[in-house]
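Okay, structure first, notes after.
The values are calculated or read from the model by the stated rules, or taken from the named source; none is laboratory data. These numbers were taken from a predicted model, which means no experiment stands behind them. Glycine gets a Cβ as well: all are built from the backbone with ideal geometry, and neighbour counts include every protein chain shown.
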Amino acid sequence: MSSIAGSSSPLAWLGNALKRADIRTIGPVEAVGEQSSDEALVAAHLNGHPQAFPLLMERYRPELHGFLQRFIGSRAAAEDVFQDTFLQIHLSAASFDPARVFRPWLYTIAANKARDWYRKDRRRRGVSLQTPIGENGDGELIDLFAAKIHQPAQPLTLQEESALVKKAVDALPTIHREILVLAYFQKMNYQQIADILQIPLGTVKSRLHSAVAAFGDRWRRGRRDKENPIA
């Protein structure tokens, strides 16, 4: 493993290692492709199939990278955490229970890696509300929250509203931020969120309710301060 430290990226090291592997006997999974399930690709990877892991990684790149970017607020940091996540998947693949579904396991590792990034990076400013969302990247995080807020008779400008919403979201603790991302962006149900965050189902419901309430409260207070500045 000493060669990892000297590589430009963990996945570059992993890709080179897979290319160097001279495997003649693949095992029970003889072929993989777009039709293969996630779980089948993990099994194929464990049996030495050189294409299985890269295929699994690229299958989840858009989705997981989007999740991490919205969670962390930095495209570059999201790429680093994405690489760390799949390096951990590679290293821990043998411990994966084939009876389980792969996606929640993947997100559990990704969420843990994102939390680690938060703890290590003290310069973070929170999730960027200008992060593109939607299939065509034609929306922003500000749009999601602004759409759920009652507009006043004389609405704030988009720039003012964006600043207020960003301030409210940035002030949320990590446990509230992550559950909002999983629920509203990744469209995960309560049970999936419980599996990923490794918390009871009841805690998911109460935490999500608290997160939405906390956001709403912080946004309303910010708007009141904006409309009634101290003389």
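Odds and ends about this structure:
- GLY48 meets all of the listed conditions (1) in contact (Cβ under 8 Å) with a residue 40 or more places away in the chain; (2) at positive phi but one, namely (1).
- THR203 under 30 Å from ARG100 (Cβ atoms), at pLDDT 80 or above and more than 17 Å from the chain's Cα centre (by Cα): yes
- Looking at TRP117, TRP105, just one residue is closer than 24 Å to ALA194 by Cβ, in the same structural domain as GLY33 (by TED's automatic domain parsing) and either buried (at least 20 other Cβ atoms within 10 Å of the Cβ) or at pLDDT 90 or above (or both), and that residue is TRP105.
- Of the criteria (1) assigned to a helix (DSSP H, G or I); (2) farther than 22 Å from GLY66 by Cα, which one ILE199 fails: (1)
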